[in-house]
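Following: one structure in structure tokens, then a few remarks.
Where a number appears in this text, it was derived from the coordinates with a stated rule and is not lab data. Because the structure is a prediction, the values reported are computed rather than measured. Cβ sites come from the backbone with ideal geometry, for glycine too, and all protein chains shown count toward neighbours.
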Amino acid sequence: MDKQNRYVALITGATGGLGTAMCRKLYNDGYRVVGNYNNAEKAKKWIEQQKAEGYEFEMFQCDVSDYDAVGKMIANIEKEIGAVDVLVNNAGITRDGQFRKMTKENWDLVLKTNLYSVFNCSRHVINQMVERNYGRIINISSVNAQRGQFGQANYAAAKAGMHGFTKTLAMEVARKGVTVNTISPGYIGTDMVMAVAEEVRDKIVAEIPIGRLGGTEEIAHLVSFLASKQASFITGANYAINGGQHVA
Ligand code: CAA
């Protein structure tokens, strides 16, 4: 298939651990992969490294917590690449700390980056998807939205909010060829998880029945499945992928 006819997949937070694996997997699947990033310095090195390994991504800078900036980014993607067929709302941050000490700044920052971004990006692509009668929106939540986690009131609230959004939007666009799903990863071997203090992390890993952290490519594999045309009867679902750490 030539470049113009490939499905376009936009992955926010592309340069992070999960984002990188998703970009590479969807690229290998044949998508035209558009990566979003916020930190230009980090992205520059990342793009060079991906290129050296044979991955050509189309990259767009934007703070996904900024509604107007996202609007401009999506308009540019549509103009330069084409309409977005698959949106993976993956961008996310942590600002952990017990709630009694949590600042309003850290509450706002996590809610805006992890949850408002889902509104911002989905809102700017949804009408195009509906008009073309095809689309996939995949929201990357967390096991900690399903079960709670000491020190993550902000993160768990944002990530749980994501799935309420998924269920509702899934119903609204179900007859328009657009599916909306959530993936809730457990503890994966990313920089975000490795930033948790070692003694805390060791205790968490000890609670995972499979006995190890997840691999980024294991999450990417599930993204690829939900993004596929064949997954058209799956919508409004929340896929747990956590090594058995939380079973519901
Ligand atoms: N359960 C119960 N009590 C706990 C606890 C726990 N899990 N962890 C700490 N405490 C208690 C301590 O015993 C201590 O109690 P006292 O005050 O009575 O002595 C108190 O809480 C700790 O106080 P601190 O001042 O050290 O706590 P803090 O506000 O600095 O926060 C923390 C501690 C940094 C949040 C730490 O608990 C922590 O790192 N938790 C893990 C957070 C985590 O899992 N983050 C995941 C990041 S990766 C990710 O988010 C990806 C994903 O989706 C999975």
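Things worth noting here:
- Helix 153-173 and the longest principal axis of the Cα set of the chain meet at an angle near 30°.
- Spatial separation of Cα centroids for the stretch 209-248 and the stretch 55-84, in angstrom: 26
- Neighbour counting of Cβ atoms within 10 Å sorts the residues PHE165, PHE119, PHE233, fewest neighbours leading, into PHE233, PHE119, PHE165.
- Helix-only CD estimate at 222 nm, as mean residue ellipticity for the chain, using -39500 (n - 2.57) per DSSP H run (n ≥ 4): -14000 deg cm²/dmol
- Residue separation of GLU218 and THR168 scaled by 0.36 nm, minus their Cα-Cα distance, works out to 15.3 nm of gained length.
- Filtered GluC sites (Glu not before Pro), the stretch 154-248: DSSP coil and at most 13 other beta carbons within 10 Å: GLU207
- Sorting 147-155, 97-105 by average packing, meaning the other beta carbons within 10 Å per residue, from highest down gives 147-155, 97-105.
- Cα long-axis angle, helix 117-132 against the chain (0 to 90 degrees, to the nearest 10): 30
- Fewest-first ranking of MET59, MET192, MET129, using other Cβ atoms within 10 Å as the exposure measure: MET192, MET59, MET129
- Relative packing of 38-51, 81-94, which averages over residues the other C-beta atoms within 10 Å, highest first: 81-94, 38-51
- Extreme residue, positive dipole direction of the chain, given options HIS246, GLN49, ALA9 (C-beta unit charges): HIS246
- Rounded to 10°, Cα long-axis angle of helix 216-227 versus longest principal axis of the chain: 40
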